[in-house]
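S.K.: Provided herewith is a single structure, encoded as structure tokens, for subsequent inquiry.
Just so it is clear, none of the values below were taken in a lab; they were calculated from the coordinates. Everything numeric here is computed off the predicted structure, so don't read it as measured data. Heads up, the Cβs are rebuilt from the backbone with ideal geometry, glycines too, and the neighbour counts pull from every protein chain shown.
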Amino acid sequence: MEIKPFEKKLYLASPTSHGEELKFIQEAFDTNWLSTVGANINESEKLICEKIGCKNAIALSSGTAALHLAIRLAAEKLYGQPKVGHGALEGKKVFCSDMTFDATVNPVAYEGGEAVFIDTEYDTWNMSPKALEKAFEIYPDVKMVVVAHLYGTPGKVKELRQVCDKHGALIIEDAAESLGATYEGKQTGIFGDVGIISFNGNKIITGTSGGMLLVDDEEDANKIRKWSTQAREDAPWYQHEELGYNYRMSNIIAGMVRGQIPHLEEHIAQKKAIYYRYKEGLKGLPVSMNPFDEGKSEPNYWLSCLIIDRDAMCRQVRGEKDVLYVTETGKSCPTEILETIAKYNAEGRPIWKPMHMQPIYRMNGFVTENGTGRARSNAYIDEGTVLDVGMDIFERGLCLPSDNKMTPEQQDVIIEIIKRCFS
């Protein structure tokens, strides 16, 4: 089989639009509702509430903005309203998913808190309930946990919830990547005390940007609406009694979201088909697909990923920005596969580099199932025991092209490229 580069780039995950979006965007122009109020915002919030099963969804400028306000809301419930100029988490530690994008944890720093990272578990590539329990033994005063669902796969939310309830901790649920995914029949985003979703350009449905905060309590929802519009008081002039933000979604972005929501299940079905085509096509290779808790959870299959068997890894060494590897017959590594895919005009990505390995957070606490501490680079195994699961998955895993506009024939080419990397 001769392989030629794709004429048009094959993306990891790009926006997929359908036409209805233009109708709602045009409606915003025609009615001149172009700012942070309008029918598109109202209808998008209503549709998401119906889809997910929450009582309130507040449309915001990004998933990160939603996380920031979710964390501030939880912090004020726990510790009270801070003085102006002081973060709501100053002097406090917060447990956070380790394997995630840094948007999950940055809002903790915005509010003056210190993230303590909880290691990953192999079953779902999400926060380990066992490591979380260990963390509470070490840091018994912590009262907030930020949990992310990686690549559209739900974590073990029931077990995580039980650990948090035992220790009186609130959960911020980062469902930015998992809109439409379910755990025991319930949508992600509603298992935490506060949840968020994202409509970033590469998500399962998109507004090109934007996000929503999900909460049941009406008083909390009204507080978020107030904070997101510069915390203006109900007065005939601009009156401000607490810190606010310019975080509300625009009615134009909401028009895009409104037109996308009816296509959520369609996009999930397309992503699921991609996942299982990879799983079938890669049979016989020393690799496996990103796992999920079968029987309990149904991912949205946002990104299809693979992990290479440890004994099938060629030698690979990563620095902060550079990487070296040595090709070996019958073996491969994430770097070789990603570089080869790129030569054929297709886009893959490394797995999220764990937060405890990031230079900005390297001095923060990190807790594994076996206790605290960091494994040395490329030395995450001690006498057969994995000391650092997140580092292991990062070393051996990669994200495959998962664009839902990819044809089966294009995917067959990617599968063939991967096979040749091991030959």
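S.K.: Out of residues 5 or more away from MET249 or on other chains, whose amide H comes under 5 Å of its own, with H placed 1.01 Å from N in the peptide plane?
M.R.: LEU60, SER61
S.K.: Here's another thing I want to ask about it. For segment 140-155, just list the computed ³J(HN,Hα) in residue order, Karplus coefficients 6.51, -1.76 and 1.60, θ = phi - 60°, integers in Hz, with x standing in for Gly and Pro.
M.R.: x, 8, 5, 10, 9, 10, 9, 10, 10, 9, 6, 6, x, 9, x, x
S.K.: Continuing with this model, one more query. Over all pairs of distinct alpha carbons, what does the Kirkwood formula give as the hydrodynamic radius of segment 282-423, in Å?
M.R.: 16.5
S.K.: For segment 1-150, report the % of Cα-Cα distances exceeding 23 Å.
M.R.: In whole percent, the long-distance tail amounts to 57.
S.K.: Dividing the Cα radius of gyration by the Kirkwood radius, what Rg/Rh value follows for segment 199-333?
M.R.: Answer for segment 199-333: 1.17.
S.K.: What angle, in degrees between 0 and 90 and rounded to the nearest 10, separates the Cα long axis of helix 157-166 from the longest principal axis of the Cα atoms of the chain?
M.R.: The answer is roughly 60 degrees.
S.K.: Based on the alpha-carbon gyration tensor of segment 293-359 and its eigenvalue square roots a ≥ b ≥ c, which shape applies: rounded if a/c is under 1.5, prolate if not and a/b is larger than b/c, or oblate?
M.R.: prolate
S.K.: Greater than 25 Å separation of Cα atoms is the criterion. Which listed pairs, LYS51/LYS92; LYS156/LYS283; LYS23/LYS203; LYS156/LYS279; LYS83/LYS353; LYS83/LYS223, meet it?
M.R.: Table pairs above 25 Å Cα-Cα are LYS51/LYS92; LYS156/LYS283; LYS83/LYS353.
S.K.: Now, a different point. Collect residues whose amide H, placed 1.01 Å from N in the peptide plane, falls under 5 Å from the amide H of VAL146; neighbours closer than 5 in sequence don't count.
M.R.: Close amide H contacts, sequence-distant or interchain: PHE95, CYS96, SER97, ILE172.
S.K.: Is it possible to state the helix-based mean residue ellipticity at 222 nm for the chain, with each DSSP H run of 4+ residues giving -39500 (n - 2.57), the sum divided by total residues, to the nearest 500 deg cm²/dmol? What is it?
M.R.: -10000 deg cm²/dmol
S.K.: To continue, here is another question. Running a GNM on the chain with Cα contacts under 10 Å, which residue among LEU324, LEU400, LEU47 ends up with the highest mean-square fluctuation?
M.R.: Of the options given, LEU324 has the highest mean-square fluctuation.
S.K.: Let me ask something additional. Give the shape of segment 115-164 as rounded, prolate or oblate, defined through the alpha-carbon gyration tensor: a ≥ b ≥ c are the square roots of its eigenvalues, a/c under 1.5 means rounded, and otherwise the shape is prolate if a/b is larger than b/c and oblate if not.
M.R.: Because a/c hits 1.5 or more and a/b exceeds b/c, segment 115-164 counts as prolate.
S.K.: Determine the dipole magnitude for the chain: charges of +1 sit on the beta-carbon of Lys and Arg, -1 on that of Asp and Glu, nothing else is charged, the reference point is the Cα centre, and the result goes in debye to the nearest 20.
M.R.: Here the chain has a charge dipole of around 600 debye.
S.K.: If you don't mind, another one. Give the relative contact order (percent, whole number) for the chain; include only Cα pairs under 8 Å separated by 6+ residues.
M.R.: So the answer I get is 23 percent.
S.K.: Right, here's the next one. What residues qualify as long-range amide H neighbours of LYS92, i.e. H under 5 Å apart, gap of 5 or more or another chain, H built at 1.01 Å from N?
M.R.: So LYS92 has HN proximity to GLU114.
S.K.: Could you order the peptides 302-308, 178-184, 252-258 from most to least packed, using the average number of other C-beta atoms within 10 Å per residue?
M.R.: 252-258, 302-308, 178-184
S.K.: Then there's this: Answer with one residue from GLN411, TYR344, THR120: the one whose Cα lies farthest towards the positive end of the charge dipole of the chain, charges on Cβ with Lys, Arg +1 and Asp, Glu -1.
M.R.: Of the candidates, TYR344 comes out farthest on the positive side.
S.K.: Next question, about the same structure. Please identify every one of the GluC sites (Glu not before Pro) in segment 191-270 that sits in a loop by DSSP and has no more than 14 other beta carbons within 10 Å of its own beta carbon.
M.R.: GLU233, GLU241, GLU242
S.K.: Helix 39-52 sits at what angle to the longest principal axis of the chain, using alpha carbons and giving 0 to 90 degrees rounded to 10?
M.R.: Here the helix axis deviates by roughly 60 degrees.
S.K.: What is the Cα coordinate range of segment 20-263 on the first, second and third principal axes, sorted by size from largest, in whole angstrom?
M.R.: 58, 42, 26
S.K.: Also, quick follow-up: What distance in nm separates the simple spin-label points at ASN370 and HIS240, each placed 7 Å from Cα in the Cβ direction?
M.R.: Going by the 7 Å Cα→Cβ label model, 5.1 nm.
S.K.: Quick one: what Rg and Dmax do you get for the chain from the alpha carbons, in Å?
M.R.: Using the Cα atoms of the chain, the pair Rg, Dmax is 21.9, 75 Å.
S.K.: With θ set to phi - 60° and the Karplus curve 6.51 cos²θ - 1.76 cosθ + 1.60, what are the ³J(HN,Hα) couplings of segment 215-220 in order, to the nearest whole Hz, using x for Gly and Pro?
M.R.: Couplings: 7, 8, 5, 5, 5, 5 Hz.
S.K.: Given a 10 angstrom Cα cut-off, can you work out which residue in PRO291, PRO129, PRO154 is the most mobile in a GNM of the chain?
M.R.: The residue that fluctuates most here is PRO291.
S.K.: Something else: I need the Kirkwood Rh of segment 88-197: take the reciprocal of the average 1/r across all distinct C-alpha pairs and report it in angstrom.
M.R.: Computed over segment 88-197, the radius equals 13.6 Å.
S.K.: Please label the shape of segment 209-258 as rounded, prolate or oblate, based on the square roots a ≥ b ≥ c of the eigenvalues of the alpha-carbon gyration tensor (a/c under 1.5 means rounded; beyond that, a/b larger than b/c means prolate, else oblate).
M.R.: Because a/c hits 1.5 or more and a/b fails to exceed b/c, segment 209-258 counts as oblate.
S.K.: Residue by residue through segment 274-279, what is 3J(HN,Hα) from phi via Karplus (6.51 cos²θ - 1.76 cosθ + 1.60, θ = phi - 60°)? Round to whole Hz and write x for glycine and proline.
M.R.: Each residue's phi maps through the Karplus curve to give 4, 4, 6, 5, 4, 4 Hz.
S.K.: Given the chain, what percent of its DSSP beta bridges are antiparallel, to the nearest 5?
M.R.: Bridges in the chain are about 60 percent antiparallel.
S.K.: Here's a follow-up. Which of the peptides 414-420, 61-67, 84-90 is most tightly packed, and how do the rest follow, going by the mean number of other Cβ atoms within 10 Å of each residue?
M.R.: Ranking the peptides 414-420, 61-67, 84-90 by packing returns 61-67, 414-420, 84-90.
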